Structures are given as C-alpha cells and as structure tokens.
Amino acid sequence: MSWLKEVRVVVGLDFGTTYSGFTLYHVDDDDIGDIKTNSEWPGELGKFKTNTVLQYKEDFEEVELWGYPALYKKPNRRSGGDETKPVELFKLHLGNCLEKFKPKLPEPLTYKQAITDYLFKIGELIKETIPKYWTGIDFMEHILLVLTVPAGYSENDKAIMRECTFNAGLISDKRSERLQFTTEPEAAAIYCMYSSLKEHKLTEPGTTFMIVDCGGGTVDLTTRKLLEENQLGEVTRRAGDFCGSTFIDNEFIELLKCKVGNSAVDLLREEHYGQLQYLVQEFCQNVKLPFTGNNPDFSYEIDLEEIAPALLQYVTGLEKIFMEEKEWMIQLDFNTIKSMFDPIIDRIIGMIRVQLDNSSEKCSAIFLVGGFSQSKYLQKRIEKEFGRLVENISVPNQPIAAVVRGAAIYGKSLQESKNLKSMNNVKCVIATRVMDYTFGVEISCLWKDGDPLDRLTSDGRIDKFLKIVECDDIVTIDQEFTTEDLVPIYPDQTTITFGIYYTREQDADYCNEPGMKLLGSLLIDLPEVHLGTNRPCTFCLSFGDMEIKARAFNQTNGQHYQTKFEFNTFKGFSLYHVDGEIGDVKTNSEWPGEMGKLKTNTVLQYKAGFKEVELWGYPALYKKPNKKSKNNETKPVELFKLHLGNCLEKLKPKLPESLTYRQAITDYIGKVGELIKETIPKYWEGIDFMEHILLVLTVPAEYSENDKAIMRECTFNAGLIGEKNSEKLQFTTEPEAAAIYCMYSSLKEHKLTEPGTTFMIVDCGGGTVDLTTRKLLGENQLGEITERAGDFCGSTFIDNEFIDLLKYEVGNKAVDLLRERHYGQLQYLVQEFCQNVKLPFTGNDPDFSYEMDLEEIAPALLQYVTGSERESMEEKEWMIEICFNTIKFMFDNIINRIIEMIRVQLDNSLGKCSAIFLVGGFGQSQYLQKRIEEEFSQSVENISVPNQPIAAIVRGAAIYGKSLQRSRNLKSMNNSKCVIATRMLNNTFGIKLYDKWEDGDPPDRLLSGGMIIKFYRIVERKNEVPFDQEFIVENLFPIYPDQTRLYFEIFYTKEQDAVYCDEPGMKLLGNLRIDLPDVHLGNNRPCTFCISFGDMEIKARAFNQTNGQNYHTKFELSDF
C-alpha cells in the first residue's frame, strides 16, 4: 500500500443512471467544507450534476456531445426529421434491471462502450478541473478515484465498471488499487454522518440511521450505526431496486401511449427524439417536481401541438379523432399523477419496511438523499408510513451532492487509515460491512458414503464448495478470513489453483449449484515435489475497499501470492524518455479520426458562440459533400498561427467575431495536450505531466521574442505548464530541431560526420519556410553559421494561388459566397487540388494537366456564379482545365522566394555547405526538390530529403529537449553537452542607461541634471553566441546617492549600431529590478548586469557588487 502515500487528491465520482457528478478533496485538507463539488459543466453552470447522456457522431464511434448539451431544447414546428437520438439510461444494463426497462442501444454500440465513453468524457473534465485548484498533480500517480455504485451491484457489475474505468483512461492498470468502490447509500451515509447527524444532534456512538438514496435509476438503502472515532458500522445488508425517478417518467410515456397510440409515440421517439425529450422535461418541470399530494385540485395541461408538433402526423384512427376533439391537449389530473407516483413509491416504502424489520436496533433517523429525494410527495409518503417508528425523517442540505461528497470523504479516510495504520490514530470511516454474498473456494475431497454418486470422479474424489464467509455476516474492513492446511491432491503436483466462488445462498455445497458464480482464481507454486502431498497452503480472503482480495501462501517455504483477480466477465508530437536512445523517440501516429499519420491538421471546429471546441485535427475538416448539401455548414477555423510573425495582413485569416487568434492557439494546444497526456501512460507509468515532463515547443525561425512570449502564454492557458514562466517549457526553432534530427540521421546516412561539416536545413511547412545553416562540432554538438531566416511561403500559399485561379474562372463574389455558406465544399475543392495537382506535380511532364468538375465537387458553387462567368462555365460544362503552365506558375511564385532565401544563406556562410536537407510536408514536393537541385547542385554536393521529413522537426525537438536535460543534470561531470552549442543572434540586445550629456550629444535629448538616456549595447546581432553564455556589464552605479533600487530595462533591435532606446525598430523586452539597501554608501554601490541566450529564451541576471545579492528573471515580456 506504499502507493497510498503518493495520493494527494481524492476524486469522488458518482456515475448515475440519469445524472453524474464529481468532487475533489485534497488529503491535506481537514475540513469537509474544503471538498470541491464540481458545478461547471458543458453547456451549464451552477449545478452539481450533469445529465448521464451521450450524443454520438455517425457510426457511433466518436462522442459529439455529452451531458446537458446532448439533450435537445424545445423544438419548433419547422423541425425536420433529421434529429439524432441521444444515448441515455445505458447504466440500466448493469444490475438486475428487468429487460423491459433496459434501453435499446443503436447498433453497433454496446452498453460497456457507452459507459466507457461517458467516463472518458467526465474524466477529461476532472483532469481539466484539478489544476484549477492544485498544481503538480499527476492523475495516474497522485489521484485516488472512488467510484460509487448501486447497493445491488454484484461483483461482476463492479468488475465491468472497473473495466470501463480502465478503458476510459482513468486508471493505468485494470487492477489498480487507485480505483476503489463504495456503494451510493454508503457514501451518502458518510456524508450524513458529518452533516445531518451533527445538525440533528445525533452524535452519540450507537446511534442508528438509515440512508435512502433516491436516484434516477435506482433507489438504494443502507442502515448504519455510529461507532467511536467517527466510524460507521453496517447494521443490515444494503438493499437496492430499480425504482428511481425515471420510472415515473416511464409511467408518463405509458399514459401518452394510451392517449395517442403506441405507434405514434414509437415513431416520435425514432424520428424526433428531441421533441419526445422535451415532452418528458415539460412533465418533470411542471408535474413531477411540484407534485406534493396535498392539493386534490392539482392538475396540468400539456399542449402537444406546441410542445411536440411532429407527433401529430403519426397519430391515426380513433386516437386522432379523440385528440382533435381535445385540440391536442392532455389533461393530467391529481389522481392520474398520483397513480404514476404510487407504484414507484410503494416499492421504496416496501424496501424501507424490510430494512427496519431486519434491524435489531431502533432507527433514530431516515435521511433522503439524491435528486428524487426532493420530491415533496415522496417525503410525505415516507413520513406518513414511518413517522411514528422513526423520530427524524429529513432531507440533508444539497441532497443531490450527498453521494459524491461522501465518496470523497470515504476515499480520504481510506488513505489516512492505511497511511497511518501503525499509529492507530486515524481509522477508515467505514468500519464494518454486512456481506451480500457467501464466498468460498472449490476443493477436491475424497468421496464418502452419503455424497451424491453422480458427483463421484474417476479418481474417487468429489469437488465441493468450501465456505469461507457467509452472506449476512458482519465483517470489518480489510479483515482476512483464513483457511489453513489446504494440501495438493497429487504428490507430484507443482501448482495449486484456488477457484473463488460466491452465491446468495448461505448453505451451498457445490460450485455448480444455481446462483453460484465464479469470481476469479489465484495460482501458487509448489516447488518442493519431494515432500509429496505434505505441502500445506493457506488461503485468505478480505473484503475491504468494496472489492475482494485474495491471498495465499505456501506454509512450507513461506512464499506469498496475492491478487485482485480478473473477474470472469472481463473478456504531431513525439515522446522521448530520458533513459531512452534516439531510436526510442515515439512519434505519435494516432489522431482523432485517422491513424498512421505523423501529423494532423491544425484546424478547429467550434460549437456555436466559439467558446467550446467541438472538433479538432482531421475531423474538423469536411469530407466530400453532395448536391443535397444545405446552407447550414459550419466553418472550421484554420491558419490562425499566421497571426504571429511578420505575415502580411492580407494573408492573415479573418477569424469569427469573439474569437481571437490567441484563443484559437490556446484551444488547439489544449486539445493536442489532452492527447499527449493520454498517450504518455501507454508507454510509461508514473509520469506526472506537470512534474516529470519537459515540453519543447518548436517555432518558426522568424518569430520575435514577443511571438514566443505569446506562445508561452497560450501554452500556459492551455494547461500544459504549471506557471507562465516555467522552465519546463522550452523553445527551439523549427529548422534548428530539424537540424538536430538530420545530424542523427541524414549526416550519418551520407557519411558527413566529420566535425566542421556545414549543412543547411530548409524546413518547408504549410505556412512558413525556415532556414538555418549549422556546423557539426565535436561530441555531437551543433554551431550556427548564419542567422536563421524565415518567410511566409509555405505550401498553403500555393493553395491560395489555386483559389485565385478559381476566382478568375467563376468570379470573386461566387468564391466568397461559397466560403461563407458552404465552407466544406470549398475545403474539399482545395483538398482535391492538393491531392491531384500539388502533390503529384514534378515539373517534368509538359503534358501534365488536371480537369476539375465543379458540378461534382462543389455543387453549391454553381448557384452563385453569374454574368459572363456563368456563361463561360456553362459552355465548359462546369469543368476547369488546369494545364502544366498554369500549375507551374502557381508553384514558381512561391518557390522563387524559397530559392532566394537559400541563396542569401549560402552567401552569408563563410564555409562550404556540404548538404541541404529539405524537411517538412512541402519538402516532399518533387517540383520543389527539382528547382532547388537545378539552382544549387553545383555549389552543394548533397541535396536530399531525409526519411519521414514531416516528422523531422518534432523528433528533433525531443532530441534537443533530452540533450538540454542531460546537459544540466550532468554539467558538473562535463561528460554530456547540449546538442545545440551556439546560436546566431537575430537581434542586438542592450539596456537603457543614464549617462552624462556631453558635447556632440543631441541637445533635444538633454535632461535636467545634465543627463542623457542611451542604449547600452551588450551583444550585437549576427554574433555567434555559445549556449547559455552570459554577457556581462559591470560597475553600473545608481544615479542618486539615496537611491534604494535599480531598474534594468532591456531592449532589442535589428540594428547593430543603435544609440537610443526610442529609435524606430527598438522594442522593450522586459525589466529587472534589484534593491540597493546600503544608502550610506551613496553612489558608490556598483552593480553587474548579465544576459544569456540559452533555451531559445533570454534570461537576465543582476547582482549588487557591494553585498552580493543576486536577482534573476525570465521576465514578463512587454506585450503580455
């Protein structure tokens, strides 16, 4: 149980039939008032639970909506027949629910998959919520998850819940003890012990009380006794039944069928599920919740024509005549409503009566919890039935949260009990439980007279059930029940397998009797065969934590075996572990909607209002539409990264109002981050994302410090770093990362491994093309030869050339309208161009051409084409011919800019360039390769594309991060260095300095006191600087003798000979303040300022030379 010491947060999860919720409870918090009950859900705020509902996309393989948004709001009369049906009540497939109450699920969806998908979605929200309260929490390492289940669940039901929880990614191992179960009434009892018992002054040990947990699907009961030290014992066996509030909803549906006919309701359910759902919501809101049973005049009229207009078309025959006479109004009078409630409430009352009869002690209180407990009529009926027997019948504060809060308290008590067991000063809140089953193992005995003849085996034995603990026994938590001296059957036997069975019967004899079920098995070794059958073993069962644990040991040699057995019903980024080799870099190839690709689309699709991402990556782009495409397509958000850097305004995409490019970047990073966090545990256990992860983010070479600052801000807001200035986020340029990858792959492949070898990386991406020229140094290090360069001339700009061609053919307005109203079709047009023109074009075949059928690919476009363009396109039968020269023209405008950048890089490089490596998606263009080969093959011997060029950057980033980690870890040993040894600075850096005005200085800059403000240059642009080298300025003095602090304002510029801080192009990077306490020394208090350029970020440090005080910062950048 050492893992319990690592638990920092308990998560209580109440996965209910109709509503679900969760709580968070830090183990260092002592007050239950510190429990955080979630009240922020998709689509709604301020509620403690959300709907246990899913809405899938087509084929039911991906969840589109969950919780409240998965249910429809009130429709109107224009509602078509294309409503999709949410999936709900799937939890009813567990337990002993009657088949008629189990919802029919759409093929091929199974109830296990639905449960898994819902747990996954709520798990995502839990993982997002935890960092809002505490930093550094690793979900798989620091979380204890307590999942509540109905009292009537069997061991197999709990096993299925465990399986689904594992598949949902909430535990890293199917048998993990980091998942614990407690029953819903048990959790509610714990909560009431800390709230209602104290409120009603029922705090004396020996007080007995009952919890009636009235949920949507089940009603569960438990009777508990308050023991010493805030512990609870169980007085009677827990009970549960399927008589929750949804069954009253079913009674309403049955009434509706009587009024309009079964067929009409079935068709409404099938074709217009949203309207049926709204009907039920209308009933709940206006009938079920306010009904008290006190007012015999209570009634409600439901207007079907208003609430469910689609229903009317399905009503036929006598029902139609009758409803037309009633003007489609259904009158629900007092007696009708009462008849809906009473069959359900009668079953609840029956269970309570049995619980009271089975209790040998007086029950002091009944507490009603759960959503249905708020029904005044239910409260009235229970009070009427049991008011004389039980003094206190009440509903605690916020009863809907009782179960989920109790689950958190239970988990924390469990953690404290096991952590502090040796101190014996804290005990688990649950002390005893009443067993629901009889448990035992199968043994093989010698057959005796009186045993059934039909059970006699060929070797004279009989298999029997050895009872270990009986149904209705009261057991203490984690108490072990032991059976000793179990010996092997045969003298040469080398193993014993213990088959563990359970049954509701107390006097079972055989393992194949009706109702007997196999729970699991445990195998132990018997190595000392020479002892024959004289090798006794001991078998133990314990029943703590709501799960059965088995343990066995060999009494001869002391070997122990234990298990939480398998139940018989169980049927672009890269990751690089610091202990791994280069070949161990794991490049992700599993993305939403597609497998096997090393990158996915940088695209988002938002829900209405642009507050929540609906789709990201490949699924956010539309597939080919058809001619029936309506005018209701939504538009994905893409190319938002172009808002960073020096991209021309005309090339920056226009974003929807209310959405900023920063938010789009944050949202996308957040989605990729979720996938990263899900992927890491597939390879390594025990990884705390905020503690154990170094994130290396690649950026274009031309990004300014402020651009990188924005990327840092977005990464923080996306929840990938714990604080904005965290060093666990590092940057490297895209060409730099590609250079590192090529150093380990392409240089070796081409035998260019001699120190001094110079090579260029041309990173051809979608938006930018970035270049860097590097020199191979000793010990697998790289120096930078020339300043990195970048331009907005990636492959998407060829797509823009195609769009311009399209505008020429059909008119600007037609394309703009297509973009606005049918973005999916425009996107498909571009994809068609890329697939059939841009990718296969080599420039070698002058006959290469492609015909594009607009009528087939973008049928919605045709309606917007007018005038002479329409006449022309009709003559061409809506075909666009793209010939060789046209395609070449599209490419050449972009490629010429790439070639010019390469030429400048080569000119600026002092030494011979041995190789040019083309990486990135556009690097695979054969025409681009051909053009570069033609231009530079005589000056550069090797021009090639490395293996999997699209992954070069992301793999290089991982290698860079590892080299950085090793460099810092092992710096004192000097046996491992960061792969990047030097960088070429893109800017000149310095500080603002107050100096004495002298003759020759501009008179207009003369300040009072005879001072002038100047830019003090510390390091110039185009200097090659070693990694983390500090550039130092000493003997900087305060201006005034009584000055108590000094401010260093840090500026940067592209100019090399700048003099003043307000010159054009000069930008404030940040500032650093230091204290100057020794005022008695006057001006004679020298200070030193240092700046370094490692990690793709500027770090400032200053110290007081008088007293040695040090100050350093990775400052807030000026445009934050």
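Every number in this text was worked out from the coordinates using simple rules, so none of it is lab data. The structure displayed is predicted, hence computed values, not measured ones. Glycine gets a Cβ as well: all are built from the backbone with ideal geometry, and neighbour counts include every protein chain shown.
Just in the range 796-889: which GluC sites (Glu not before Pro) are loop by DSSP and have at most 10 other Cβ atoms within 10 Å? Passing both the DSSP loop test and the Cβ count: Glu877. Taking 15 Å as the cut-off, the amide N atoms of the range 232-260 that come nearer than this to a point 7 Å along the Cα-to-beta-carbon line of Asp346 belong to 243, 248, 251. For a 20 Å ceiling on Cα separation, which of these pairs sit above it: Lys259/Lys338; Lys47/Lys102; Lys807/Lys838; Lys198/Lys380; Lys807/Lys876; Lys91/Lys158? Pairs exceeding 20 Å: Lys47/Lys102; Lys198/Lys380. If R0 is taken as 35 Å, the Cβ-Cβ distance between Asp449 and Glu470 corresponds to a FRET efficiency of 0.85. Taking each residue as 0.36 nm, the span from Glu62 to Leu531 lengthens on full extension beyond its C-alpha to C-alpha distance by 163.0 nm. Note on the chain: with charges restricted to the Cβ of Lys and Arg (+1) and Asp and Glu (-1), its dipole about the Cα centre is near 1280 debye.
For Val810, Val837, the sequence from fewest to most other C-beta atoms within 10 Å is Val837, Val810.
With neighbours defined as other Cβ atoms within 10 Å of a residue's Cβ, the residues Met984, Met210, Met340, Met1011 order from fewest to most as Met1011, Met984, Met340, Met210. On the basis of the beta-carbon distance and an R0 of 22 Å, Ile1032 and Thr1106 show a calculated FRET efficiency of 0.85. Sparse packing (at most 11 other Cβ atoms within 10 Å of the Cβ) combined with a DSSP loop state is found for the following GluC sites (Glu not before Pro) in the range 291-349: Glu327. When a/c is below 1.5 the answer is rounded, else prolate if a/b is larger than b/c, else oblate, so apply that to the range 435-563 with a ≥ b ≥ c taken from the square roots of the Cα gyration tensor eigenvalues. Here the range 435-563 falls in the oblate category.
Legend: residue pairs Lys85/Lys671; Lys611/Lys641; Lys607/Lys654, Cα-Cα distance threshold 24 Å; pairs beyond threshold, Lys85/Lys671. Pull up the DSSP beta bridges for the chain and report the antiparallel fraction as a percent, rounded to 5. Taking every DSSP beta bridge within the chain, about 80 percent pair in antiparallel fashion. Measuring between alpha carbons in the structure, the pairs from Lys112/Lys174; Lys464/Lys517; Lys132/Lys586; Lys724/Lys1099; Lys100/Lys257; Lys635/Lys677 lying more than 22 angstrom apart are Lys132/Lys586; Lys635/Lys677. Taking packing as the residue-averaged number of other Cβ atoms within 10 angstrom, the listed peptides 310-318, 116-124 run from highest to lowest as 116-124, 310-318. Here each label is just a point 7 Å from Cα along the line to Cβ, and for Ser868 and Gln506 those points are 9.9 nm apart. As a length-normalised measure over Cα pairs under 8 Å and 6 or more apart, the relative contact order of the range 435-563 settles at 26 percent.
Sparse packing (at most 15 other Cβ atoms within 10 Å of the Cβ) combined with a DSSP loop state is found for the following chymotrypsin sites (Phe, Trp or Tyr not before Pro) in the range 635-724: Trp684.
Only Lys, Arg, Asp and Glu carry charge here, each on its Cβ (+1 for the first two, -1 for the last two); on that basis the range 985-1113 has a dipole of about 220 debye about its Cα centre. Helical runs (DSSP H, four residues minimum) scored at -39500 (n - 2.57) apiece and divided by the length of the chain put the mean residue ellipticity at 222 nm at -9000 deg cm²/dmol.
Neighbour counts of other Cβ atoms within 10 Å put Ser944, Ser795 in the fewest-to-most order Ser944, Ser795. When peptides 371-377, 843-849 are sorted by average Cβ neighbour count within 10 Å, with the highest value leading, the order is 371-377, 843-849. Note on Phe553/Lys174: beta-carbon distance plugged into 1/(1 + (r/R0)^6) with R0 of 22 Å gives a FRET efficiency of 0.35. Taking every C-alpha pair closer than 8 Å and separated by at least 6 residues, the mean separation divided by the residue count of the range 985-1113 gives a relative contact order of 26 percent. I need the shape label for the chain. Rule: rounded when a/c is under 1.5, else prolate if a/b > b/c, else oblate, with a, b, c from the alpha carbon gyration tensor. Prolate is the answer for the chain, as a/c is 1.5 or above and a/b outweighs b/c.
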